[in-house]
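Beneath this line is the structure, given in structure tokens, with notes to follow.
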Amino acid sequence: MSDYVLTACSTADLSPEYFRKIRVPYICFHYELGGESHKDDLWETMDPHTFYQVLDGMWWNIDRHLDLEGTRTSAYATILECIRNGVTSIIDHHASYGEIEGSLFAIRDAAKELGIRAGLCYEVSERDGEKKCDAAI
């Protein structure tokens, strides 16, 4: 006989105690860890009509001005928000062309300190020139 038994039942048949025992991992994909906490102020000054205007006017604008401290601060704020909502793992890309070196480590350190798993990568782009693209690689 197998150690695994499949049964069909309605969740209505299961007790509240059953659900208290289950730990369902919530994974957050693509939350803009480095810039999420900076977007609200910028959004209020924008009137975008296309997706490109949102990217260039907000997200890429934030990326161009993020320094290490801004990246770190935003990472802490965003990760805490994820934890408050039950998220156990984050998968995200990051770009901070204002200060490239060390930015992924700043996010990693925040995730480690707050006890959440993170799969991170650096976004590589030529939109801010070849020199910044090479530094991102």
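The values are calculated or read from the model by the stated rules, or taken from the named source; none is laboratory data. Keep in mind that what you see is a predicted model, and the values were worked out from it rather than measured. Cβ placement follows ideal geometry from the backbone for every residue including glycine, while neighbour counts extend to all protein chains displayed.
Scanning region 101-116 turns up no residue that is assigned to a loop (DSSP other than H, G, I, E, B), buried (at least 21 other Cβ atoms within 10 Å of the Cβ) and over 11 Å from the mean Cα position of the chain (by Cα). Screening LEU120 on (1) in contact with a helix residue (DSSP H, G or I) (Cβ under 7 Å, 6 or more places away or on another chain); (2) under 13 Å from TYR31 (Cβ atoms); (3) in a helix (DSSP H, G or I) shows it passes everything except condition (3). Before we move on, is LEU55 part of a helix (DSSP H, G or I), more than 20 Å from ILE27 (Cβ to Cβ) and aliphatic (A, V, I, L, M)? Answer is yes for this residue. Annotation note: of GLU69, GLU101, GLU123, GLU113, the sole residue that is in contact with a strand residue (DSSP E or B) (Cβ under 8 Å, 6 or more places away or on another chain) and among the charged types (D, E, K, R) is GLU123. For beta carbons closer than 6 Å, sequence separation of 6+ or different chains, a first residue in region 92-118 that is within 15 Å of THR78 (Cβ to Cβ) and modelled with pLDDT of 90 or more and a second that is in a helix (DSSP H, G or I) and small (Gly, Ala, Ser), the qualifying pairs are ILE107/ALA75; ALA110/ALA75; ALA118/ALA111.
Scanning region 124-137 for residues that are charged (D, E, K, R) and in contact (Cβ under 8 Å) with a residue 40 or more places away in the chain yields ARG127, ASP128. The residue that is nearest to the chain's Cα centre (by Cα), counting only those in region 81-100 that are surrounded by 13 or more Cβ atoms within 10 Å (Cβ to Cβ) and assigned to a helix (DSSP H, G or I), is CYS82.
Residues that are more than 16 Å from HIS93 (Cβ to Cβ) and either touching a strand residue (DSSP E or B) at 6+ places or on another chain (Cβ under 7 Å) or not in a helix (DSSP H, G or I) (or both) were ranked within region 35-52; the one that is modelled with the highest pLDDT is THR50.
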